[in-house]
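What follows draws every value from the coordinates through simple rules; no lab data is involved. As the structure is a computational prediction, the values presented were derived from the model and not from experiment. Counting neighbours? That spans all protein chains shown, and the Cβs are built from the backbone with ideal geometry, glycine included.
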Amino acid sequence: MNAEFATDACLPTRRRGCSCALHSRRLFTGALLGGALAAPAWAQQPEPDGVRRDVGKESMFTKLVSAEQVEGAAGQQYRQMLQQAGQQKALGPMNHPQVIRLRAIADDIIPYTAGWNPRAKDWKWEVNLLGSPQLNAFCMPGGKIAFYYGILARLQLSDAEVATIMGHEVAHALREHARARMGKGAATQIGAGLASALLGLGNVGNQALGMGAQMLTLKFSRDDETEADIVGMDLAARAGYDPRAGITLWQKMLKASEGAPPEFLSTHPSGPTRIKDIEAKLPKVMPLYEAADKPARVYGPPPLPKG
């Protein structure tokens with residue numbers, strides 16, 4: 001087993017009862033952030049809809065490729081990736097503290113995904129840890145999540161920062177950004193003269209399956225990334241994770257990049273622009289966080305890499 005998968009400590013906190021099985025680990029706290037004497041502006045003007053009004057309709061290009069085909073291609077690629085990682089002893093075991101941590105945070109977020117995409121209720125969600133030093137994470141269509149060990153260890157991420165990343169990546173799947181980009185690519189290749197073929201979805205379906213092997217390298221547009229940031233903040237807040245962690249997360253990312261943004265940030269707005277955008281959305285997502293049940297357990301980050 002890779003050195004990255006050495007045991008690290010978890011920090012237990014209070015527990016509480018809950019009738020929902022998925023949320024049995026979480027602790028309800030009715031107190032508002034900052035207290036009654038110093039309530040922030042967002043606490044005075046709650047918006048239950050969060051940022052839903054800030055996100056537009058799904059891309060018309062999603063209609064050109066079936067969701068089932070895209071999710072099937074993603075699932076196949078994900079299984080191949082896990083198999084290869086297992087052969088290289090780079091797949092985190094089920095009892096690894098960071099695997100437990102990631103799956104616990106996912107359990108908190110997943111119940112809120114159907115509000116953004118009804119298909120998510122039927123997805124076979126998976127969460128795995130890969131022994132790679134890369135600063136990266138992803139969620140394939142159909143709910144196939146993976147984190148690289150490097151992003152957890154090198155950035156020493158808090159649970160709220162992990163939830164911010166996970167919410168962002170899950171948002172790509174919920175908003176079907178990969179499906180839209182595949183549909184756009186297929187429409188470009190096929191051309192307007194083959195509109196009848198599009199209605200049958202035969203050729204486009206083949207295009208989706210053919211792109212399955214490229215799922216991990218598929219690049220999203222800046223608009224996609226910004227939308228994923230917004231939806232991710234909403235998901236994390238509803239799950240009880242402080243959305244202000246997005247600010248500290250991107251500060252860590254930019255510091256680690258040293259002028260060359262890591263793959264995770266390749267198409268994102270950078271620096272002050274990103275932080276400004278996050279701050280602008282806080283008034284809409286902080287009420288969700290303040291009203292949410294909070295996680296009943298806090299997990300420590302992995303040990304710092306040696307050297």
### Task
Give me the number: length gained by fully extending residue 257 to residue 76, i.e. 0.36 nm times residue separation minus the C-alpha to C-alpha distance, one decimal in nm.
62.0 nm
### Query
How much space per residue, in cubic angstrom, does the convex hull of the C-alpha atoms of the range 222-261 take up?
61 Å³
### Task
Return the loop-located trypsin sites (Lys or Arg not before Pro) in the range 103-184 (DSSP other than H, G, I, E, B) with at most 10 other Cβ atoms within 10 Å of their own Cβ; answer none if there are none.
124
